[in-house]
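The values are calculated or read from the model by the stated rules, or taken from the named source; none is laboratory data. All values derive from a computational prediction rather than experimental measurement. Note that we place each Cβ from the backbone using ideal geometry, even for glycine, and neighbour counts take in every protein chain shown.
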Amino acid sequence: MSANISAEVPKAPTWEDLNVTSLTGMRLNVMILTAGLGTRLRPYTLSMAKPAISFLGVPLALHALRPALHLPVRRLVANLHYRPEDVRQTLARTGQQVVYSEEKEILGVGGGVANAKAWLEDEENILVINGDEVFLPEDPEILAPAFARHVEDQDLATLVTMHHPEVGRKFGGVWVDSSNTVRQFSKTPVAGLGGQHFPGYTFLHRRIFNYFSQPPRQENLLYETLAAAIGKGEKVSTYPVQAHWFETGNTEDFLKSSEELLHLLEDYTRGALSTTWLKELAQFLLLHRPWTFVLERDRPPLLSRLQKLETRLGDQFA
C-alpha cells in the first residue's frame, strides 16, 4: 500500500505566494544564523560550511528555513563569516532574495543580530533561526500562531520550545514558571521551574536593540542579552509546541538522527505510517532533488537506503 501523498510535485512556495490570513497587516524580518565554524562536525566542515551540509540529501539551512514559509516575511537576512560562498549558494536555492550581513569575526547570536540591525529594525518584529536545525513540528504551520501570540503580547522575546527528555542533562534548557514566562536559562535544572527545550526559533521585538552591546561584540542572545533584559523588567515567554527535533551537532548524533528520520520516511512510503508532518517533509525533500550526500558517504548502508528512498519518492510522484 503506497503512502497517501499527492500525485503531483508541488511548486516550491515563496513568501509572496502564501495567504497568511490570520496575520493580515503584520510582517516581520527573518534572520538565519549561518556564520558559524561548525567545529563539532569536523572534518566535514573543513571543506563545507555546516548550513550547506546535507541532511537527508538537502542542506541544513533549507531544513531550518522551512517552517518560516508560513509567515509573512518582508526580508530574509543571513550572516556570513566562515566559507561564505557555501552559504550564498545554498540560500540561492530558496528562490528568495537574501540580504547578507558580513562578520569579520564570529559574533554569536546576539552580536550577529546586533550587527544586522540596519536590515532588521524596519519591522517591529524579527524571527531569528539557527541555520542548522532540523525541527519538524506536528503542525507545519505552527510558527504562524506563535508569531500572532508574540505580536499580541508585545513581549521582548517569544521562544518556540518543545519537550525533550534530555533538557537539563545533555541540553541546556529554558526554565519557566506555570505561565510559560522565562525565569532563567540554565544547563542544569532550576528548582521550582519547568524545563523546556529550545530548538532555535526566537521571535524578537525590535526594542531588543536597546539591550545589545555597542559596537556589536560576541554575545550570547539567551544567557547574556535576554537574561540581562529580564533582570531589567522585560518579559520573555515561551510558546511550547508538539514537534520532532533531530540533533545534528556532531557526527555521531547527525548520523543517528539521519537513521531515525530515514526509518520513519521508509515507513511512510510503504504506507505503514501517515502523518501531516511526514507528508510535508516528503514533499519538501522532493522539491530539492537531486539529493547530495556528505557524511552519509562514509556509511555505505545508510547511503544506499537514502538513494533508494529518493528513487521511491520520485516514482510515487511520477
Self-check item: Selection from the stretch 269-318 of residues that are touching a strand residue (DSSP E or B) at 6+ places or on another chain (Cβ under 6 Å) and hydroxyl-bearing (Ser, Thr, Tyr)
Solution: THR292
Quiz item: Within the stretch 203-243, which residues are without any contact (Cβ under 8 Å) to a residue 60 or more places away in the chain and under 24 Å from ARG27 (Cα atoms)?
Solution: ARG207, ASN210, TYR211
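Quick check on LEU295: is it within 22 Å of LEU33 (Cβ to Cβ), among the aliphatic types (A, V, I, L, M) and not assigned by TED's automatic domain parsing to the domain that holds SER54? Walk me through how you get there before you give the answer.
Details: within 22 Å of LEU33 (Cβ to Cβ): yes; among the aliphatic types (A, V, I, L, M): yes; not assigned by TED's automatic domain parsing to the domain that holds SER54: yes.
Here the answer is yes, as LEU295 does meet what is asked.
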Quiz item: Could you list, in sequence order, the residues of the stretch 54-98 that are in contact with a strand residue (DSSP E or B) (Cβ under 9 Å, 6 or more places away or on another chain) and assigned to a strand (DSSP E or B)?
Solution: PHE55, VAL73, ARG74, ARG75, LEU76, VAL77, ALA78, ASN79, LEU80, VAL98
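Limited to the stretch 227-251, what total is found for residues that are more than 21 Å from GLY36 (Cα to Cα) and of a type outside the set (Lys, Arg)? Steps first, please.
Taking the stretch 227-251 as the starting set, the residues that turn out to be more than 21 Å from GLY36 (Cα to Cα) are 227-244.
Still in the list and also of a type outside the set (Lys, Arg): 227-231, 233-234, 236-244.
Residues flagged as more than 21 Å from GLY36 (Cα to Cα) and of a type outside the set (Lys, Arg) within the stretch 227-251 amount to 16.
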Quiz prompt | Of all residues in the stretch 273-286 being over 15 Å from PRO67 (Cα atoms) and not hydroxyl-bearing (Ser, Thr, Tyr), the one that is surrounded by the most Cβ atoms within 10 Å (Cβ to Cβ) | solution = LEU286
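Is at least one residue of the stretch 193-210 over 29 Å from ALA144 (Cβ atoms) and of a type in the set (S, T, N, Q)? Spell out how you get there, then give the answer.
First, the residues of the stretch 193-210 that are over 29 Å from ALA144 (Cβ atoms): none.
Within the stretch 193-210, not a single residue is over 29 Å from ALA144 (Cβ atoms) and of a type in the set (S, T, N, Q).
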Quiz item: Mind checking whether some residue in the stretch 94-115 is closer than 21 Å to LYS235 by Cα, surrounded by fewer than 18 Cβ atoms within 10 Å (Cβ to Cβ) and not β-branched (Val, Ile, Thr)?
Solution: no
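For the stretch 99-126, which positions are of a type in the set (A, V, I, L, M) and either part of a loop (DSSP other than H, G, I, E, B) or modelled with pLDDT under 95 (or both)?
The first filter runs over the stretch 99-126 and keeps only residues of a type in the set (A, V, I, L, M), leaving 99, 106-107, 109, 113-114, 116, 118, 120, 126.
ILE106, LEU107, ALA116, listed by residue number.
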Quiz item: Do the conditions hold for VAL73, that is, is it in contact with a Gly (Cβ under 9 Å, 6 or more places away or on another chain) and closer than 14 Å to PHE203 by Cα?
Solution: no
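Of all residues being hydrophobic (A, V, I, L, M, F, W, C) and surrounded by 19 or more Cβ atoms within 10 Å (Cβ to Cβ) in the stretch 194-216, which is farthest from the chain's Cα centre (by Cα)? Just the residue, please.
Among those that are hydrophobic (A, V, I, L, M, F, W, C) and surrounded by 19 or more Cβ atoms within 10 Å (Cβ to Cβ), it is PHE212.
So, in the stretch 98-148, of the ones that are among the polar types (S, T, N, Q) and under 18 Å from the mean Cα position of the chain (by Cα), which residue ends up nearest to HIS63 (Cα to Cα)? Steps first, please.
We begin by selecting, within the stretch 98-148, every residue among the polar types (S, T, N, Q); these are 101, 115, 125, 130.
Still in the running and under 18 Å from the mean Cα position of the chain (by Cα): 125, 130.
On the way: ASN125: 22, ASN130: 10 Å.
Result: ASN130.
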Self-check item: Search result, residues across the stretch 242-260 that are crowded, with 16+ Cβ neighbours inside 10 Å, touching an Asp or Glu at 6+ places or on another chain (Cβ under 6 Å) and not in a loop (DSSP other than H, G, I, E, B)
Solution: SER257
